[in-house]
Amino acid sequence: MPCFNEVATLETIVAAVLASPLVGELIIVDDGSTDGTRERLAALDDPRVHVILHEHNQGKGAALRTAYAAATMPFVIVQDADLEYDPAEYPLVLGPLIDGKADVVYGSRFLGGRPHRVLYYWHYVGNKVLTTASNMATNLNLTDMETCFKAFRREVIQAIEIEEPRFGVEPEITAKVARLGLSIYEVGISYDGRTYADGKKIGWRDGVRAMFCIVAYSRPGEALGVKRFSPVVSRITGGRA
């Protein structure tokens with residue numbers, strides 16, 4: 001769980017995550033919060049919760065890099081510290097992993113007809129443009145590349161070297177997962193999006209950076225971005241890394 005200045009929602013989302021019977025550990029990386037979030041984190045009392053503090057704000061990608069490295073459970077799922085994504089839907093997202101069908105699962109806000117809050121048209125257009133560009137670069141057919149709900153077999157995500165410090169991490173991970181040739185599934189999820197008044201942080205500059213990342217991390221001949229000589233990578237790719 002990457003976390004930055006989420007004092008208003010932190011306790012609610014942590015309680016919802018811990019209520020899931022599928023959760024064996026919750027790793028929260030506070031990315032330099034200054035709004036009282038850290039004090040709320042210090043008060044959490046559950047042996048499954050592990051809090052890691054960044055001294056200053058580095059970005060979502062940096063927080064995810066720290067969290068992925070600390071994970072110990074067989075499967076890893078990303079949960080933002082706001083209330084946009086519902087932990088009650090973990091069985092949907094983790095299902096293909098648990099069944100042994102998938103290495104990676106994306107929870108799509110545009111599949112399955114599940115409820116979603118109606119918000120910004122241009123955000124929707126931007127998402128479609130970025131997802132289409134990513135699909136063209138990776139030859140995948142995702143409907144929601146920018147989703148928060150991404151789930152992985154732990155050895156898969158720990159084999160990927162994350163370089164992007166901010167929201168460019170989404171197309172970066174997608175490009176590197178595609179290059180590994182893994183089994184990727186998508187499932188429909190609900191979405192309770194928030195407004196900028198509610199604390200939404202992503203902006204148009206992040207969209208520009210995401211487009212750059214789609215090109216940069218998908219170019220043929222570029223470094224794969226995984227720990228190439230790890231026996232774990234060799235095992236999950238059948239020796240193709």
**Study point:** Test: THR174 is at pLDDT 95 or above and in contact with a Ser or Thr (Cβ under 6 Å, 6 or more places away or on another chain)
**Key:** yes
Check your understanding: Of the residues that make up the stretch 21-40, is at least one more than 27 Å from LEU92 (Cα to Cα), touching a residue at least 40 places away in the same chain (Cβ under 8 Å) and of a type outside the set (S, T, N, Q)?
Key -> no
Exercise for review: Could you tell me whether VAL23 is surrounded by fewer than 21 Cβ atoms within 10 Å (Cβ to Cβ), part of a loop (DSSP other than H, G, I, E, B) and at pLDDT 95 or above?
Suggested key: yes
**Study point:** Boolean, PHE152 is surrounded by 21 or more Cβ atoms within 10 Å (Cβ to Cβ), at pLDDT 95 or above and under 21 Å from LEU64 (Cα atoms)
**Key:** yes
Point to revise | Options VAL125, VAL76: the member that is among the hydrophobic types (A, V, I, L, M, F, W, C), over 29 Å from VAL7 (Cβ atoms) and either surrounded by 21 or more Cβ atoms within 10 Å (Cβ to Cβ) or more than 15 Å from the chain's Cα centre (by Cα) (or both) | key: VAL125
**Study point:** Where a residue in the stretch 205-216 is surrounded by 17 or more Cβ atoms within 10 Å (Cβ to Cβ) and its partner, wherever it lies, is among the aliphatic types (A, V, I, L, M), with Cβ under 6 Å and at least six apart
**Key:** ALA210/LEU130; ILE214/ALA133; ILE214/ALA137
Point to revise | Flag for ILE157 being touching a Gly at 6+ places or on another chain (Cβ under 7 Å), buried (at least 17 other Cβ atoms within 10 Å of the Cβ), among the aliphatic types (A, V, I, L, M) and farther than 15 Å from VAL215 by Cα | key: no
Review point. Is it the case that PRO91 is without any contact (Cβ under 8 Å) to a residue 12 or more places away in the chain, surrounded by fewer than 18 Cβ atoms within 10 Å (Cβ to Cβ), over 16 Å from the mean Cα position of the chain (by Cα) and closer than 26 Å to SER190 by Cβ?
Key: no
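The values are calculated or read from the model by the stated rules, or taken from the named source; none is laboratory data. Since we're looking at a predicted model, the values are computed, not measured. Here Cβ is always computed from backbone atoms with ideal geometry, including for glycine, and neighbour counts include all displayed protein chains.
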